[in-house]
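These notes are about the structure you will find just below.
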Amino acid sequence: MIIMNQFKMYIGPGGDVKAVKCGWNWAGFFFTYFWAGISKLWSLGVFSFMLHLVLIVVLLFAENNIEQVFHLTAAIWMVVKFVFGFKGNELFEKSLCDLGYEFKETMTCVNAEYAVYYFKNKTLQPGSAGSS
């Protein structure tokens, strides 16, 4: 069974095409500030990295109630991870719009690479005769 996803298609000022998946962002959830850096969301990446460092330092210097401090820092970091998962794609879309990209349409495709390919080559739509 092939799982199809919806992608929002954006065209940049130089004709560059980007596909942004609708919904949950697994990369943002698991890799937080690494994903933010790769996605060029610099302020978000730096903020989340600094927050992570602060939480680690708090945990390292917690002499009393280490278990409670651990649970508190883990809960705070999980909230950050869920925000990246739920809002990551929306934040990336906003970043694209700030860079001059324009939303064109929503497509259903297997992955982002195929969505970009089919968007650029409108005559070959997924599931049409002649596409493989």
Practice prompt. Can you find, among 109, 97, 68, the residue farthest towards the positive end of the dipole of the stretch 5-120? Put +1 on the C-beta of Lys and Arg, -1 on that of Asp and Glu.
Written response: 109
Worksheet item: In the structure displayed, which of 81/104; 8/81; 81/122; 40/122 lie more than 27 Å apart, Cα to Cα?
Response: 81/104; 81/122; 40/122
Worksheet item: Roughly speaking, what is the stretch gain from residue 106 to residue 34, that is 0.36 nm per residue apart minus the C-alpha to C-alpha distance, in nm to one decimal?
Response: 23.2 nm
Worksheet item: How big is the Cα convex hull of the chain in projection, averaged over all directions, in nm²?
Response: 10.0 nm²
Worksheet, complete the sentence: In Å, the Kirkwood estimate of hydrodynamic radius for the stretch 21-61 over Cα pairs equals 10.9 Å
Practice prompt. Calculate how steeply helix 66-98 sits against the longest principal axis of the alpha-carbon atoms of the chain, using the helix alpha-carbon long axis, and give the answer as 0 to 90 degrees to the nearest 10.
Written response: 30 degrees
Practice prompt. Once you have the Cα-Cα distance between residue 54 and residue 22, take 0.36 nm times their residue separation minus that, and quote the gain in nm to one decimal.
Written response: 8.4 nm
Worksheet item: Label residue 97 and residue 117 with points 7 Å out from Cα along Cα→Cβ: what is the distance between them in nm?
Response: 3.0 nm
Worksheet item: Exposure proxy check: 32, 73, 108 ranked by fewest other beta carbons within 10 Å?
Response: 108, 73, 32
Worksheet item: Excluding same-chain residues fewer than 8 positions from residue 94, which aspartates and glutamates have a Cα within less than 12 Å of its Cα?
Response: 102
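Throughout, read-outs are computed from the coordinates displayed, never taken from laboratory work. Computed from a predicted model, the values in this text were never measured in an experiment. Here Cβ is always computed from backbone atoms with ideal geometry, including for glycine, and neighbour counts include all displayed protein chains.
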